[in-house]
Amino acid sequence: MKPLYRKLPAELESSFSARHDIMPNFGNVWHYHAELELHYTIRGEGIRFIGDNISQFAPDEIILVGEKLSHAWRCKDEYFQNNPDYNIEAIVLQFLPECLGKPLLQLPESYLIPKLFERAKSGLIVKGETKRRVADLMHDCVNETGLGKVISLLQIIKTLAESDECEAIVKTQTTFHQSNEADNIRLNNIFNYTHTHYKNDITLEEVANIANLSITSFCRYFKMMTRKTYYDFLVEIRISHACRLLVENKMPTEVICFECGFNNVSNFYRHFKKVMGLTPLEYKKRYLNRN
């Protein structure tokens, strides 16, 4: 799916953006921008979309999104009910690759930084001791001013660049260029409709009507934009929701199957194994053993 290009507002007297957000949710728009984004989720749960990857997100997760890599954090439905008990909290840094100057990237001592920025084009999830250190530095960065803020960013980049605890997220690097605004609106309408109705038996006719296309044109259009069929996209959304319900461990697998929009258990097991590489039971055991 082709995401919305977002030109981030430049802050006066700032070479990059560092903010601490507390708000109801992350919104719905799937987008990309020229800046890298370091995203630390402190509170909030739901599904994140990064490139061709659809996965759950939870508190205490740090993701580095590369330049022009499409992304969105879609919160659980509870975060859209105006309930004060459900708010997200995140620290977000956004910076252009050359925000600290091109000469810095060309120094022999800085050779790891361009490598990090290249790896970030696949999206990186930060783990282990690196995550703890980067989280502390991100808190420092939003509270610093002037030169201290720049030094904090450089310390964060250094920590990430030298770490072997950053794992790639997407299978294939896919970047985008600015596209037609009407096209962006259409695709985000499809995106949001699928999120809202994934439990239902969504027909191609329904979603084609949302896109204002014939069924044949819609199928061709969606495959061209996303490199996958709409049905594959819908299955991945449902499996991602199933993963969350499995680790919550509050309902039997057979109930989760129908709760996520699958109409029979064998179909659910087959799709789960295909998408996740594990059976639902294996996935659940692995998560619970890890925690």
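The values are calculated or read from the model by the stated rules, or taken from the named source; none is laboratory data. Because the structure is a prediction, the values reported are computed rather than measured. Glycine also receives a Cβ, built like all others from the backbone with ideal geometry; neighbour counts cover every protein chain displayed. Just so you know, the surface numbers come from the protein's heavy atoms only, side chains and all, with ligands and any DNA or RNA stripped out. Shrake-Rupley method; radii C 1.70, N 1.55, O 1.52, S 1.80 Å.
Does any residue in the range 127-149 that is free of Cβ contacts under 8 Å to residues at least 40 places away in the same chain and part of a helix (DSSP H, G or I) come within less than 8 Å, Cβ to Cβ, of a residue that is open to solvent by 80 Å² or more (accessible area, probe 1.4 Å) and of a type in the set (S, T, N, Q) six or more places away or on a different chain, and which pairs are these? Filtered contacts from the range 127-149: Leu137/Gln155. Would you mention how many residues in the range 195-254 are within 17 Å of Leu278 (Cβ to Cβ) and open to solvent by 70 Å² or more (accessible area, probe 1.4 Å)? Selection size over the range 195-254: 1.
Checking each residue in the range 24-83 for being more than 20 Å from Cys141 (Cβ to Cβ), among the acidic types (Asp, Glu) and in a loop (DSSP other than H, G, I, E, B) picks out Glu45, Asp52.
When the range 32-72 is filtered for residues that are at pLDDT 90 or above, open to solvent by less than 10 Å² (accessible area, probe 1.4 Å) and among the β-branched types (Val, Ile, Thr), the ones remaining, listed by number, are Thr41, Ile62, Ile63, Val65. Within the range 88-115, the residues that satisfy the criterion of being hydrophobic (A, V, I, L, M, F, W, C), closer than 24 Å to Arg19 by Cβ and in contact (Cβ under 8 Å) with a residue 12 or more places away in the chain are Ile88, Ala90, Ile91, Val92, Leu93, Phe95, Leu96, Cys99, Leu100, Ile113. Being of a type in the set (Lys, Arg) and touching an Asp or Glu at 6+ places or on another chain (Cβ under 8 Å) is the filter; apply it to the range 121-148 and report the residue that is modelled with the lowest pLDDT. Selected residue: Lys121.
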